Each structure stands twice: as structure tokens, then as C-alpha cells.
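Below: one structure, written as C-alpha cells.
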Amino acid sequence: MSHDCVIKGGLLVYPEKTVRADLAISGGKISAVTEPGKAKGKATIDAEGCYLLPGAIDPHTHPVYLDSIANTARSAAFGGVTTVIHYAYARPGNSLIAKIKEFKEEGEATSCIDFALHGGLFETLKQADEIPQAFKMGVTSFKVFMAYAKLGWMTDDYAMAKTMDIVSKHGGMVCVHAETGLAIDYIMDRMLAEKANFAERFLETSPDIAEGEGIFRAVYIGRLMNCPVYIPHISSAEGIQVIRFLKRMGYAVIAETCPQYLGLTWEGLKERGPLGKVGPSIKTEGDRMALWMAMQEGLFDSIGSDHAPKDKKVEDEFFDAAYGSPEVETMLPVVWHFGVNRGLITPNEVAALMAENTARIMGLFPKKGRLEPGSDADVVVLDPTERWTVAAANQHSNASYTLFDGQELLGRVKKVLARGRLIVEGEKFLGAEGYGEFLPSKTGNWDYRQKRR
Ligand SMILES: [Zn+2]
């Protein structure tokens with residue numbers, strides 16, 4: 001039988017093995033994995049000397065700032081990401097359902113890659129009542145904030161318990177931005193009174209201890225409500241210490257970290273001022289290494305980008321600058337460079353943390369997350385020998401900066417296929433707006449590791 005396309009000569013990466021094989025594609029799906037030279041296709045792609053990874057799944061993107069859904073998807077594609085899970089933020093006064101509809105429609109019309117949605121609650125007590133309706137629309141995970149009380153984003157324990165109660169009854173999960181909000185606001189008020197230099201003392205406003213406390217409280221309230229809790233963007237050794245305890249106890253927690261915490265430190269970013277202002281803060285070298293050690297220990301479930309490019313410049317007033325940075329495109333190359341090239345993790349762990357685990361957590365498996373016959377042909381061809389230097393100019397976000405500006409990386413995404421369609425080839429974008437489809441999620445599967453075949 002002749003396949004639509006065969007990718008020849010690559011090393012296929014799975015969480016538990018790496019195999020030299022040809023990967024055949026038909027009708028947008030993987031149709032066979034064969035011994036080299038055995039499959040015939042109408043078209044062929046040469047992947048000699050390259051790794052074939054399952055397309056990365058980014059569970060954490062915010063397409064509401066400098067990058068729209070279309071821009072985020074395009075930037076993602078160039079970074080080897082073939083599925084994104086956007087946070088559909090419902091700001092105070094917004095209806096959660098209306099926002100989900102808006103994101104879904106915009107995504108279906110403009111995204112070049114498949115996408116799912118998390119709901120994002122800001123007026124939690126009220127918006128939580130819309131959660132049962134959201135489940136019917138294929139949205140089964142919901143974010144609340146324990147931080148940013150002054151911005152009016154903070155959810156108190158009462159509203160968080162209510163949200164978790166409703167979500168647990170439907171079999172989903174709650175994502176919690178875990179930092180002690182009110183204590184941080186007190187610290188910031190004290191610093192304002194002292195006329196403190198916020199650019200110098202940024203870490204005091206997003207401290208590691210606040211992360212540890214937030215994670216602990218979120219997961220414990222989750223226990224009270226019998227609700228799995230997903231902790232995004234874990235940034236510190238303190239956070240890890242709490243995660244280690246919770247996981248050893250067998251509690252329902254899913255842990256995510258991001259490339260900015262794995263590749264950067266505040267010390268190294270300081271001169272870039274507000275550009276490096278992200279929440280939670282990027283911390284110390286000790287924290288950075290603790291995150292890698294935690295990954296080796298198996299404490300992390302997934303890696304997400306927290307892509308949130310904001311309009312800011314180095315010379316802006318630090319205190320007023322927005323939190324966030326562009327990350328989706330650098331995510332996979334950064335994790336590869338700092339993790340695989342330095343021997344901290346294996347390519348197999350990349351396949352788990354950036355694809356298969358995330359697919360299982362979001363209920364997208366086996367359609368997504370693995371190079372297996374029957375699965376969508378979402379494939380990344382990565383050349384581990386190519387050296388390149390990150391610059392805002394070679395990135396596709398609308399942001400005029402990247403936190404990895406000037407960073408030399410070894411390993412580059414060369415080709416990307418989404419459901420069998422070649423969407424990126426080197427510098428060329430071959431995707432199309434509207435090609436991406438909405439993926440209903442089915443979350444709550446926090447103990448997916450036990451259920452692995
Ligand atoms: Zn975020």
C-alpha cells in the first residue's frame with residue numbers, strides 16, 4: 001500500500017524508547033511505523049540525522065495580548081508546537097460561556113494548529129455557575145488566581161472551594177495560579193512606602209515561599225472538594241518541596257513548569273528590566289537547578305510556555321510594566337538545549353513532558369501526543385546538530401523582544417507537520433489560518449501514570 005507521505009531515516013522518540021524507523025502518513029493520521037526503507041509514499045520527507053518528536057502540546061498560552069490566536073498558533077508552529085491550550089479569560093463583567101464561544105470561533109477561523117481551551121475565572125463566585133455549561137462545550141479545566149488581589153484577579157478560598165466543588169462533580173480539574181495574594185500585596189505596599197527600587201527587588205514581590213504556600217493551600221482545598229488541581233508555572237525550589245510532599249502522599253496534583261524557569265535566572269535578566277517581569281518571577285540559579293532535579297525525580301507532569309507577550313520596553317517604569325513574555329516558539333528548543341544537551345533529561349522525557357503526558361492530562365490521548373498508527377500525524381523534525389542564536393528578528397511573535405535574545409541554542413526545529421500537513425519547513429510557513437480544529441478536552445485524569453499501558 002502506498003501512503004500519502006513517508007518520513008524517512010529519523011529517530012522516533014517515545015517516552016519509553018527511541019527507534020530508527022520510517023513514519024508513514026495517510027489521511028492526516030500516522031498510518032504505519034516501519035523498518036527503514038519498508039514504507040512507500042507518494043511523497044517523502046528526508047529526516048536523516050534528525051529526531052522525530054510528537055508535536056509538542058503547549059498547555060498554557062494567552063492569545064489576548066500582542067499575539068492573537070492566529071499569531072500565537074503561527075509562532076507555536078515554528079517552535080514545533082502542534083497543539084495549544086489557550087486560557088479563555090473571562091474578566092470581571094464577562095460571561096465565561098460567551099468568552100469560550102468567542103475563543104472557539106476565533107480559533108476555528110484563524111488557528112493554523114489544533115487547540116483546546118481552559119476557562120479562566122476572574123469574577124469567580126459568579127462565573128463558577130457557568131461551569132456546567134462549559135463542560136457541555138468541551139471545556140473541562142478552569143483557572144483561578146490566588147495572586148493579584150490589587151488587580152482584582154484574586155479568588156478567595158470560599159470562591160475557590162465553590163469552583164472546585166462544581167468542577168469535581170463533572171470530572172474536570174482546576175488550574176491554580178498559586179501565590180499567596182494578600183501577603184504579597186502587603187509586601188508591595190510596604191515597599192511602596194519605603195520607595196523601594198522594584199526593579200532591584202522584584203523577587204521580594206513574587207517570593208518562593210508564597211509559591212510554596214499557594215500550592216499547598218490550593219491542593220488541600222482541592223482535597224476538601226475532591227478536585228484534582230493543576231499547578232501551572234512552578235518556579236522555585238520551595239514550590240518543588242511542597243509538590244514532592246503532595247505527590248508522595250498521593251494527592252491529586254499535576255505539576256507544570258515553563259522554559260523561562262528552566263533556562264533563565266533573575267540575576268541574568270536584571271539588566272533587561274521590565275522585559276523580565278513575569279509572574280511568578282524567574283528566580284535564582286538554585287531554583288533553576290532544583291526544577292531540573294525535580295524533573296529527573298519525576299515530579300513534573302508537563303511543560304507549558306505561559307506565552308503572554310506584552311507591550312513593554314527595557315526603559316519602561318518597572319512597577320507599572322505588565323507581567324508576561326513571548327515563550328511558545330522558544331519552548332521546545334530551550335528545553336532541548338538546557339535539558340537534553342546538558343544531560344539533565346533524555347529526548348524520551350521531552351516526548352513525555354511536552355506531548356504524551358499533556359495529551360493524557362487533557363484527555364486528548366491517543367489522538368494527540370504519540371507517534372503511533374491511528375494518531376494524528378503531528379510531527380516535529382528536529383536537527384540536534386544545528387546551532388543557532390535566538391533573536392527577536394527570527395521569532396514570529398509580535399513582541400519586539402524575547403527573554404532568550406542572544407542565547408545560542410544547539411538543536412533546531414526544521415519541519416513541522418500538523419495532521420499530516422507540512423506547516424513549517426525551515427523559515428517557510430506553509431500552514432493556513434482556519435486549518436486548526438477545536439479539541440474538546442476531558443480532564444481530571446491526574447493519576448494517568450498508573451493507567452499507562
Ligand atoms: Zn499564564
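Since every read-out is calculated from the coordinates, none of them should be taken as a lab result. Fair warning: this is a prediction, and the values are worked out from it, not measured in the lab. No Cβ is skipped: glycine too gets one built from the backbone with ideal geometry, and neighbour counts run over all protein chains shown.
Per-structure values
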read-out	value
Residues of the stretch 319-331 satisfying the condition of being away from the ligand (no atom under 12 Å from the Cβ), crowded, with 19+ Cβ neighbours inside 10 Å and over 15 Å from Ala73 (Cβ atoms)	Ala321, Thr330
Filtered residue count, the stretch 165-201, keeping only those that are more than 16 Å from the ligand (Cβ to nearest atom), under 26 Å from the mean Cα position of the chain (by Cα) and in a loop (DSSP other than H, G, I, E, B)	3
Of residues in the stretch 63-75 being outside any loop (DSSP other than H, G, I, E, B) and within 16 Å of the ligand (Cβ to nearest atom), the one surrounded by the most Cβ atoms within 10 Å (Cβ to Cβ)	Thr72
Subset of the stretch 146-161 [on the phi < 0 side of the Ramachandran plot, buried (at least 18 other Cβ atoms within 10 Å of the Cβ) and touching a helix residue (DSSP H, G or I) at 6+ places or on another chain (Cβ under 7 Å)]	Met146, Ala147, Ala149, Met154, Thr155, Ala159, Met160
Of all residues in the stretch 275-305 being in a loop (DSSP other than H, G, I, E, B), among the small types (Gly, Ala, Ser) and within 16 Å of the ligand (Cβ to nearest atom), the one that is surrounded by the most Cβ atoms within 10 Å (Cβ to Cβ)	Ser305
Count - residues of the stretch 45-62 that are crowded, with 16+ Cβ neighbours inside 10 Å and more than 16 Å from the ligand (Cβ to nearest atom)	9
Hits in the stretch 232-273 (condition: within 16 Å of Trp446 (Cβ to Cβ) and in a strand (DSSP E or B))	Val253, Ile254, Ala255, Glu256
Within the stretch 376-394, tally of residues that are assigned to a loop (DSSP other than H, G, I, E, B) and either without any contact (Cβ under 8 Å) to a residue 24 or more places away in the chain or buried (at least 22 other Cβ atoms within 10 Å of the Cβ) (or both)	3
Qualifying position, being under 26 Å from the mean Cα position of the chain (by Cα), part of a strand (DSSP E or B) and buried (at least 19 other Cβ atoms within 10 Å of the Cβ), among Ile30, Ile7	Ile30
Unique match (being more than 16 Å from the ligand (Cβ to nearest atom), of a type outside the set (Lys, Arg) and under 18 Å from Asp306 (Cβ atoms)) among Phe115, Phe78, Phe103	Phe78
